[in-house]
Amino acid sequence: MSGPTCSDIFQEASDLTRDMLEFHDRGDTKGLVEKISEFVLKERPISQETALYLTAMISKIVPNYPMPLLDLDLEPAGRLSEQIWTLAININNDQLVKMISGPLFRFYEHSRRYDEARKILLKLIDISVKHHDQASLAVALNNYAFEFLLENRFSEAIPHFSKAATMFKNLNIVFEHANARANCLLCQFECEEFEIFEKNETELRTIFKILKTSHAWHARKPLILLAKIQEKRNRFKTAIRLVKLAIASCKQSRTKYPELDEAYLQHLIKHSAMAI
């Protein structure tokens, strides 16, 4: 009696994918994760068509932003992302590589596997250069630099943030340019280049005006930096006001930033009381 054919194996993967789609369409994220875990355990090969469907579903599970509050186990989605990545590389499908690179590098990032995240982003950078896609290249460079930032390797992040910011400026992508500049200035501050802030305080205020238009968590970045400047000047009341604005700007972000900024706020309040 013969075993399952390649067609049978691919069909099983396709059937499991349809089951996942049902959970996806119902908005049942927990059920979707359980189905993905079942899929990963079966270790079935997948076709290009199935990989596209799976990538779209994985992208709904893995948060596409840093420092998320996680209430799901990302390991199954991460392992499936790795399988799709390997398929995309083996068949030399740049489009599939680009699609799966987002959830995969974020999975590594959220798992604090920053070196692996950077390897994915380096491939994305290569593909962007190959296809002369300047916008995607700038985004990839900014994300690549952010992996260094998350490791507190600030000096290594600065040149990549700077290059990304210049590219966004040349492409007239205003929001992303402001965001990359905020990232770069944060790293420069952490490298104790305080004199830069004496010259760039006005720029930080301009960055805030741009970033706040998105009503996203990014607006906290210049506010926190402006607060740090005021702290250096022992102007604690002003610093406290700025941090409170930062907390309000990212309160709904489902990230860890409100908690981190609250800790900074308490630090300022404590030192403000000591200064009286």
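For the chain, what is the charge dipole size about the Cα centre, in debye to the nearest 20, if Lys and Arg each add +1 at the Cβ and Asp and Glu each add -1 at the Cβ?
In debye, rounded to 20, the chain gives about 1460.
Within straight cross-link reach of Lys119, meaning Cα distance under 20 Å, which lysines are found once same-chain residues fewer than 8 apart are removed?
Lys98, Lys130, Lys163
Could you work out the longest stretch of the chain that avoids the GluC sites (Glu not before Pro) located in DSSP loops with at most 16 other Cβ atoms within 10 Å?
Numbers: sites that count: Glu43, Glu151, Glu192, Glu193.
Of all site-free stretches, the longest is 44-150.
For region 105-176 and region 193-245, write down the distance between their C-alpha centroids in whole Å.
Distance between centres, Cα-based: 23 Å.
Charges at C-beta only: +1 for Lys and Arg, -1 for Asp and Glu. How large is the resulting dipole of region 159-273 about its Cα centre, in Debye rounded to 20?
Rounded to the nearest 20 debye, it is 420 debye.
Which order results if Leu149, Leu52, Leu124, Leu41 are arranged by neighbouring Cβ count within 10 Å, fewest first?
Lowest to highest Cβ neighbour count: Leu41, Leu52, Leu149, Leu124.
Got the relative contact order for region 1-109 handy, in percent, Cα pairs under 8 Å and 6 or more residues apart?
27
Tell me, what ³J(HN,Hα) does each residue in region 151-165 have, in order and in whole Hz, if you take phi through Karplus 6.51 cos²θ - 1.76 cosθ + 1.60 with θ = phi - 60° and put x for Gly and Pro?
With the stated coefficients, region 151-165 comes to 8, 6, 9, 5, 5, 6, 6, 3, x, 6, 4, 4, 5, 4, 4 Hz.
Per residue of the chain, what 222 nm ellipticity follows from adding -39500 (n - 2.57) for every DSSP H run with n ≥ 4, rounded to the nearest 500? Can you show the working numbers first?
Values: 13 runs with 214 residues, N = 276.
So the calculated ellipticity at 222 nm is -26000 deg cm²/dmol.
Going by the alpha-carbon gyration tensor, a ≥ b ≥ c the square roots of its eigenvalues, is region 1-109 rounded (a/c under 1.5) or, if a/c is not under 1.5, prolate (a/b greater than b/c) versus oblate?
oblate
About its Cα centre, how strong a charge dipole does region 1-109 have in debye, to the nearest 20, once Lys and Arg get +1 and Asp and Glu get -1 at the Cβ?
Dipole size: approximately 220 debye.
For region 103-158, which trypsin sites (Lys or Arg not before Pro) are in a loop by DSSP, counting at most 16 other Cβ atoms within 10 Å?
Loop-located and lightly packed - Arg112, Arg113, Arg153.
What number in nm² do you get for region 216-276 if you take the convex hull of its Cα atoms and divide its surface by four?
Details: hull surface 13.9 nm².
Seen from a random direction, the Cα hull of region 216-276 projects 3.5 nm² on average.
Rule-based calculations on the coordinates, nothing more; no lab input. All values derive from a computational prediction rather than experimental measurement. Note: ideal-geometry Cβ built from the backbone for every residue, glycine included; neighbour counts use all protein chains shown.
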